[in-house]
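Engineer: Handing you a structure now.
Rule-based calculations on the coordinates, nothing more; no lab input. Source: prediction; values computed, not measured. Here the Cβ is made from the backbone with ideal geometry for all residues, glycine too, and neighbour counts use every protein chain on show.
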Number of protein chains: 2
Amino acid sequence: MAARQPLIVEVTRGPVVESLHQVMAVVTNELGSVTNWWGNPQFLTLPRSAIKMLQALPLLESGAAEKYGLDDKMIALACSSHHGEKDHLAVLAKWMEVIHSTETAFVCGPHLPYDQTAAHDMIRRGHKPTPLCNNCSGKHLGIISTCLHLGESPAGYDKYEHNAQKRLRKALTETMKFDHAKTAYGTDGCGIPTYAVPLQAIATGMSALINPKETGVRKSAAEHVLRAVKAYPFYVAGSDDFTTSVIEKSQGRAIIKGGAEGVFAGVLPEKKLAFAVKTADGAGRAAQVATAALLLQLGGLTEAEFKSLSKFTMPSVTNWKGDVVGQLRIAKA
Amino acid sequence: MAARQPLIVEVTRGPVVESLHQVMAVVTNELGSVTNWWGNPQFLTLPRSAIKMLQALPLLESGAAEKYGLDDKMIALACSSHHGEKDHLAVLAKWMEVIHSTETAFVCGPHLPYDQTAAHDMIRRGHKPTPLCNNCSGKHLGIISTCLHLGESPAGYDKYEHNAQKRLRKALTETMKFDHAKTAYGTDGCGIPTYAVPLQAIATGMSALINPKETGVRKSAAEHVLRAVKAYPFYVAGSDDFTTSVIEKSQGRAIIKGGAEGVFAGVLPEKKLAFAVKTADGAGRAAQVATAALLLQLGGLTEAEFKSLSKFTMPSVTNWKGDVVGQLRIAKA
């Protein structure tokens with residue numbers, strides 16, 4: 001498929017367009033075939049955290065989730081970039097207990113919670129952030145749980161040759177229909193490999209979650225992931241968040257997940273569609289606005305829902321006093 | 001001048017180019033004529049905080065700085081986007097005292113100090129940020145001081161029709177050789193107008209600071225600004241900062257200032273050159289890398305200085321554990 005014009009997201013200040021973002025997007029049907037696109041669908045990119053729902057498949061397919069009796073909040077956290085709020089950390093701590101693991105097993109490194117209230121609370125108490133606060137800690141607990149269930153040592157689970165990464169490459173290769181053993185990779189913010197794939201492969205991968213041709217453990221794992229994320233969107237991100245709000249407001253008609261450097265991916269189960277979005281320059285603000293516009297166009301959000309989420313879908317630019325001085329919007333073609 | 005290819009700043013992760021920024025740049029000689037450029041020199045943009053040295057001219061030209069006996073740390077702060085560190089706030093508080101003003105006069109709104117240690121310290125003590133913490137508070141004190149010296153009420157100094165803004169438009173029109181009374185404007189983060197100007201006009205404006213044809217109060221004001229910024233780079237930004245480090249390391253051979261949405265502007269007095277830089281998508285990370293490369297090319301930084309500032313000039317991408325997993329760099333043409 002030839003490249004087309006990308007979506008342009010404008011950042012205005014008063015009557016002036018101050019900055020411009022180029023955003024690529026690909027839409028696939030439930031079988032994973034491309035049905036529409038903006039920009040270059042072959043653009044090689046790193047999906048980062050946008051495909052955590054696919055990275056959670058081995059946790060379910062291996063039987064680990066069942067063995068440890070993980071509840072759907074935990075499954076949602078396995079797919080999350082959580083904000084480190086009290087309720088997130090409580091469920092994660094319970095999960096650690098269930099598998100008799102500790103934070104020393106985590107390779108993801110610490111950072112202050114994304115949630116400002118939680119972060120300021122830690123600072124006030126003089127607490128240092130731990131790896132559990134890392135937005136990816138649920139994904140890491142999923143990987144560690146799978147290893148323990150299969151009788152493997154989780155030590156070195158971030159390494160390319162560890163069985164944990166082999167399982168992830170297998171799941172990603174099968175769902176994206178793109179060979180992950182033959183592509184370049186970088187190290188994600190949380191320490192594990194993230195693989196270079198064409199943008200359209202990310203959308204195809206998401207389609208696997210709603211593909212009627214999937215069977216057996218893959219099908220039930222996909223259904224489980226979507227059920228958990230739909231039931232507990234707070235555990236996929238957090239308070240005052242675009243991803244959480246879209247899933248909640250649409251009641252699961254749009255299930256989305258963001259990743260660093262301007263990536264979004266998701267499925268619209270009722271519309272039998274999936275999508276992937278990437279800002280060429282990596283800006284998350286533009287990926288969010290483009291994803292919102294795409295969801296409106298595809299029917300993942302109704303016009304009323306889109307408007308009620310205007311804080312995220314049509315964000316304002318404000319000054320330090322809080323006055324609205326500009327906006328982010330899709331440029332007219 | 002016709003548009004040329006912009007500079008491309010790549011963000012890599014492992015062997016993969018994950019994101020790409022387009023950066024425009026214009027170089028002018030000491031008379032303000034364009035000598036070199038990348039991208040479109042006519043690109044209409046908002047200079048934001050990158051021209052604070054020009055915005056400080058009325059403070060000096062009006063005689064306000066002299067009347068109030070402002071020292072060179074205060075003049076540097078008038079040109080600053082300071083980080084709200086203890087030493088910044090102490091000098092700003094002294095300045096407020098000298099002019100018998102209080103923070104209620106400020107329109108800039110509060111935000112936590114940019115400096116993380118200072119911000120965490122405020123959070124720990126349960127202090128709320130005040131307008132003095134705003135990175136622009138020095139500029140605002142300069143504007144208020146000028147009003148008071150001239151016997152004007154500073155009230156409403158952020159309004160387009162206030163004498164303070166008329167003075168700023170006059171100084172910017174004269175230095176940039178671009179009519180600010182006839183161009184669109186937006187509201188800056190700190191509440192005052194920021195005017196839409198071609199990128200090359202920003203470079204031309206900076207040239208006015210080193211233009212040998214300037215005379216009288218303009219010339220002495222320009223020399224005073226450069227002298228103060230060169231003597232006190234910490235008061236122009238703060239600890240662990242690209243701008244402060246470049247001015248310090250080059251011992252004033254490169255005097256630069258950044259602004260929001262990916263703008264940089266500066267002068268190289270010995271080389272008799274000025275420049276302006278703007279990332280099309282507004283990313284500060286790319287503007288910084290492009291500015292560093294430009295300074296190296298123009299001789300504002302020696303190769304040894306550029307390397308010793310590698311943290312800023314050739315920044316690494318790190319994961320949460322602190323491992324280097326990629327870098328920012330200028331793409332090979």
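Yes or no, residue by residue, for (1) farther than 16 Å from residue B:53 by Cα; (2) in contact with a Ser or Thr (Cβ under 6 Å, 6 or more places away or on another chain); (3) assigned to a loop (DSSP other than H, G, I, E, B):
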site	(1), (2), (3)
B:258	no, yes, no
B:266	no, no, no
B:270	yes, no, no
B:274	no, yes, no
B:285	yes, no, no
B:288	yes, no, no
B:295	yes, no, no
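Engineer: Right, another one. Within region A:278-295, is even one residue surrounded by fewer than 24 Cβ atoms within 10 Å (Cβ to Cβ), without any contact (Cβ under 8 Å) to a residue 60 or more places away in the chain, of a type outside the set (Val, Ile, Thr) and within 23 Å of residue A:57 (Cβ to Cβ)?
Structural biologist: Among the residues of region A:278-295, not one is surrounded by fewer than 24 Cβ atoms within 10 Å (Cβ to Cβ), without any contact (Cβ under 8 Å) to a residue 60 or more places away in the chain, of a type outside the set (Val, Ile, Thr) and within 23 Å of residue A:57 (Cβ to Cβ), which makes the answer no.
Engineer: Considering each residue of region B:171-209, count those that are surrounded by fewer than 21 Cβ atoms within 10 Å (Cβ to Cβ), in contact with a helix residue (DSSP H, G or I) (Cβ under 8 Å, 6 or more places away or on another chain), of a type outside the set (Asp, Glu) and outside any strand (DSSP E or B), and give that number.
Structural biologist: Final tally of qualifying residues: 4.
Engineer: Please go through region A:1-26 and pick out each residue that is in a strand (DSSP E or B), facing another protein chain (nearest Cβ under 10 Å) and farther than 17 Å from residue A:276 by Cβ.
Structural biologist: Hits for region A:1-26 are A:11, A:12, A:13, A:16, A:17, A:18, A:19, A:20.
Engineer: Suppose the filter is in a helix (DSSP H, G or I) and over 18 Å from the mean Cα position of the chain (by Cα); does residue B:59 pass it?
Structural biologist: Criteria not met by residue B:59.
Engineer: Then there is this: Looking only at region B:100-134, count how many residues are of a type in the set (S, T, N, Q) and either crowded, with 24+ Cβ neighbours inside 10 Å or part of a helix (DSSP H, G or I) (or both).
Structural biologist: Number satisfying all stated conditions: 4.
Engineer: If you don't mind, there's one more thing I want to ask. Go through the residues of region B:309-323 one by one and say whether even a single one is farther than 30 Å from residue A:186 by Cβ, away from chain A (no Cβ under 11 Å), buried (at least 20 other Cβ atoms within 10 Å of the Cβ) and within 20 Å of the chain's Cα centre (by Cα).
Structural biologist: No, that holds for no residue.
Engineer: Taking region B:5-32 as the region of interest, how many residues are more than 20 Å from residue A:18 (Cβ to Cβ), under 21 Å from the mean Cα position of the chain (by Cα) and not hydrophobic (A, V, I, L, M, F, W, C)?
Structural biologist: 4
Engineer: Related question: Quick one: residue B:149 ticks every box in (1) surrounded by fewer than 19 Cβ atoms within 10 Å (Cβ to Cβ); (2) within 24 Å of residue B:242 (Cα to Cα); (3) touching a helix residue (DSSP H, G or I) at 6+ places or on another chain (Cβ under 6 Å) except a single one, so which number is it?
Structural biologist: Condition not satisfied by residue B:149: (2).
Engineer: Failed condition for residue B:328, given (1) within 17 Å of the chain's Cα centre (by Cα); (2) not in a helix (DSSP H, G or I), with all others met?
Structural biologist: Evaluating residue B:328 over (1) within 17 Å of the chain's Cα centre (by Cα); (2) not in a helix (DSSP H, G or I) leaves (1) as the failure.
Engineer: Right, something else. What about residue B:142, is it more than 14 Å from chain A (Cβ to nearest Cβ) and either in contact with a helix residue (DSSP H, G or I) (Cβ under 8 Å, 6 or more places away or on another chain) or of a type outside the set (Val, Ile, Thr) (or both)?
Structural biologist: So residue B:142 passes the test.
Engineer: Still on this structure: Scanning for something more than 30 Å from residue A:107 (Cα to Cα), aliphatic (A, V, I, L, M) and outside any loop (DSSP other than H, G, I, E, B), does region B:233-249 turn up at least one residue?
Structural biologist: Checked region B:233-249: at least one residue is more than 30 Å from residue A:107 (Cα to Cα), aliphatic (A, V, I, L, M) and outside any loop (DSSP other than H, G, I, E, B).
Engineer: Kindly indicate which of A:155, A:76, A:93, A:65 is outside any helix (DSSP H, G or I) and more than 14 Å from every other protein chain (Cβ to nearest Cβ).
Structural biologist: The unique qualifying residue is A:155.
Engineer: Suppose we filter region A:49-61 for residues that are surrounded by fewer than 24 Cβ atoms within 10 Å (Cβ to Cβ) and farther than 20 Å from residue A:74 by Cβ; how many remain?
Structural biologist: 0
Engineer: Pull up region A:118-138, narrow it to residues that are within 13 Å of chain B (Cβ to nearest Cβ) and touching a Ser or Thr at 6+ places or on another chain (Cβ under 8 Å), then point me to the one that is nearest to residue A:237 (Cα to Cα).
Structural biologist: Filtering first and then ranking leaves A:135.
Engineer: Restricting to region B:248-277, give me the number of residues that are crowded, with 24+ Cβ neighbours inside 10 Å and away from every other protein chain (no Cβ under 14 Å).
Structural biologist: 14
Engineer: A follow-up question, please. Residue A:191 passes all but one of (1) within 14 Å of chain B (Cβ to nearest Cβ); (2) closer than 25 Å to residue A:23 by Cβ; which number fails?
Structural biologist: Only one criterion in (1) within 14 Å of chain B (Cβ to nearest Cβ); (2) closer than 25 Å to residue A:23 by Cβ is unmet by residue A:191, namely (2).
Engineer: Moving to a separate point now. Within region B:138-149, is there a residue that is touching a residue at least 12 places away in the same chain (Cβ under 8 Å) and in a loop (DSSP other than H, G, I, E, B)?
Structural biologist: Scanning region B:138-149 turns up no residue that is touching a residue at least 12 places away in the same chain (Cβ under 8 Å) and in a loop (DSSP other than H, G, I, E, B).
Engineer: Determine whether residue B:184 is within 14 Å of chain A (Cβ to nearest Cβ) and over 20 Å from residue B:62 (Cα atoms).
Structural biologist: yes
Engineer: Among the residues of region A:27-36, is any among the small types (Gly, Ala, Ser) and within 14 Å of another protein chain (Cβ to nearest Cβ)?
Structural biologist: Looking for residues that are among the small types (Gly, Ala, Ser) and within 14 Å of another protein chain (Cβ to nearest Cβ), one finds none in region A:27-36, hence no.
Engineer: With A:6, A:58 as the choices, which residue is more than 19 Å from residue A:192 (Cβ to Cβ) and not small (Gly, Ala, Ser)?
Structural biologist: Exactly one of A:6, A:58 is more than 19 Å from residue A:192 (Cβ to Cβ) and not small (Gly, Ala, Ser), namely A:6.
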